[in-house]
Amino acid sequence: MAHQSLYRIHRPATFSDVVGQEQVTKSLEEAAKAKKIGHAYLFAGSRGLGKTSVARIFASAIGCTENDLYEIDAASNNSVEDIRTLTEGVYTLPFASPYKVYILDEVHMLSKSAWNAFLKTLEEPPAHAVFILATTELEKVPETVQSRCQVFEFKKPTRAVLAKMTAVVAKKEGYTLVPDAADLISMLAENSYRDALSVLQKVFAATEGKMLSREMVEAATGAPRREQVHALLTALAAGGRGDALTAIEQAAKAGVDMKLYLELVLEALRATLLIRYAPELRTSLADELGADEFSALEKLNNSPVGRTTSYITHAAMLAFLTAVERIRYAPIPALPLELAVFELFGEE
């Protein structure tokens, strides 16, 4: 028997369970309490932010039972015939609820003719019908439709919010997720609650113990290892251009995601410079990074024996930050990082 996904197990069931979308949930909760129910809502935002979960919670809050709740995948039910079937059913009364609620996911996938067939019903629906349209591409929803809906835009969560959420879920499942491991999972999730829990589930499946370290997350997900990031920073600290290029090449040969590798390099550079120039942040950085990582980055601020020039500077930050834009279009993923090294060291 297949195990149920963490995202479904820990799917929010009430407005208070929803994390990081207060600008949406507060308005909907107040509307439900005041019984000021609109006939059409449009939830917009990237995938994995909880749009359909909030739609279900709102449906429950206005008294809609499962028998009167209809979830439709507009990506696969996007023809004019599909919409006509839907609109014909709208006019029948609810079974046992004050409202019939229709949740249409990925609604931007409807065909032009389907939109035209839907507009009339959307403009003048029966009093018992509530439509909640969800989309990841708001710009593809016709203005004529947007103007007939109350539009709510879902925000992408910060990495701190995602890290906290994954740590809480891990605890509920009987695991302890150390802070820097939670931070890596939040980075891998790319601003998606659902993806964060998918990564966490992969880590659960790949480990035996209940204490989850960053190294375990790296091993389970194939994320760049800290040693690979430290190799590049150590080379920069020692002024070794050849060693820096070698570190990048070895990471590329190991098959790591170079975009993620670059992001981790930038984070380590930033932390190293903050340790050097903002001593008042040392305590918070030590908590955020963990004792081992903090100690390793702190050592990079000490000039190596026989060297006077460290290339861990704001110029390095700028060079690798420029590489972020270049890596999106680079035919060879390692090339923008290599170019950043050449630009940093110059023609010496």
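Bear in mind that the values in this text are calculations on the coordinates, not laboratory data. Because the structure is predicted, anything quoted here is derived from the model rather than measured. Quick reminder, even Gly has a Cβ in these numbers, built from the backbone with ideal geometry, and neighbours come from all protein chains shown.
Of note:
- Within-10-Å neighbourhood charge of LEU162 [Cβ basis; K, R +1; D, E -1]: 0
- Sequence of ASP82, ASP105 once ranked by neighbouring C-beta atoms within 10 Å, starting from the fewest: ASP82, ASP105
- Evaluating 6.51 cos²θ - 1.76 cosθ + 1.60 at θ = phi - 60° for every residue in region 113-120, the Karplus couplings come out as 5, 5, 4, 4, 6, 7, 4, 4 Hz, glycine and proline recorded as x.
- Using equal-weight Cα scatterers in the Debye expression, the normalised intensity of region 43-129 in log10 at q = 0.12, 0.14, 0.17 Å⁻¹ is -0.36, -0.50, -0.74.
- Cα-based equivalent ellipsoid of region 61-194: semi-axis lengths in Å, sorted from largest, via gyration tensor: 36, 19, 12
- Ranked by how many other Cβ atoms sit within 10 Å of their own Cβ, fewest first, the residues VAL256, VAL178 fall in the order VAL178, VAL256.
- Between the listed residues GLY240, THR322, PRO336, the Cα displaced farthest toward the positive end of the dipole of the chain, a dipole computed from Cβ unit charges relative to the Cα centre, is found at THR322.
- Using distinct alpha-carbon pairs, which all enter the 1/r mean, Kirkwood radius of region 224-265 in Å: 9.9
- Rel. contact order, % - alpha carbon contacts under 8 angstrom, at least six apart, the chain: 14
- Kirkwood-based Rg to Rh ratio, region 159-221, C-alpha trace: 0.90
- 26 Å Cα-Cα threshold exceeded, pairs from LYS172/LYS202; LYS33/LYS140; LYS164/LYS253; LYS51/LYS210; LYS171/LYS202; LYS120/LYS156: LYS33/LYS140; LYS164/LYS253; LYS51/LYS210; LYS120/LYS156
- For the chain, radius of gyration divided by Kirkwood radius, i.e. Rg to Rh on alpha-carbons: 1.08
- When only Cα pairs below 8 angstrom with a gap of at least 6 residues are kept, region 21-153 shows a relative contact order of 37 percent.
- Full-extension gain in nm, MET211 to ALA254, via 0.36 nm per residue minus C-alpha separation: 12.8 nm
- Dimensionless Rg/Rh of region 226-345 - Kirkwood Rh, Rg from C-alpha atoms: 0.96
- Amide H contacts under 5 Å for GLU71, placed H, 5+ residues apart: ILE103
- Modelled spin labels at PHE342 and PHE95, positioned 7 Å past Cα toward Cβ, are 6.7 nm from each other.
- In sequence order, calculated HN-Hα J values of region 42-49 (Karplus, 6.51, -1.76, 1.60; Hz; x Gly/Pro): 10, 9, 10, x, 5, 5, x, 9
- Taking 7 Å steps out from each Cα toward its Cβ at ARG326 and THR246 produces label points 2.2 nm apart.
- For region 131-230, size of Cβ-based charge dipole, Lys and Arg +1, Asp and Glu -1, in debye: 280
- Remark on ALA129: its backbone amide H falls under 5 Å from those of LYS100, a criterion applied only to residues 5 or more positions apart or on other chains, H modelled at 1.01 Å from N.
- Annotation: the residues ARG8, ARG225, sorted from fewest to most other C-beta atoms within 10 Å of their own C-beta, follow the order ARG8, ARG225.
- What the Cα convex hull of region 1-94 gives, in volume per residue, is 148 Å³.
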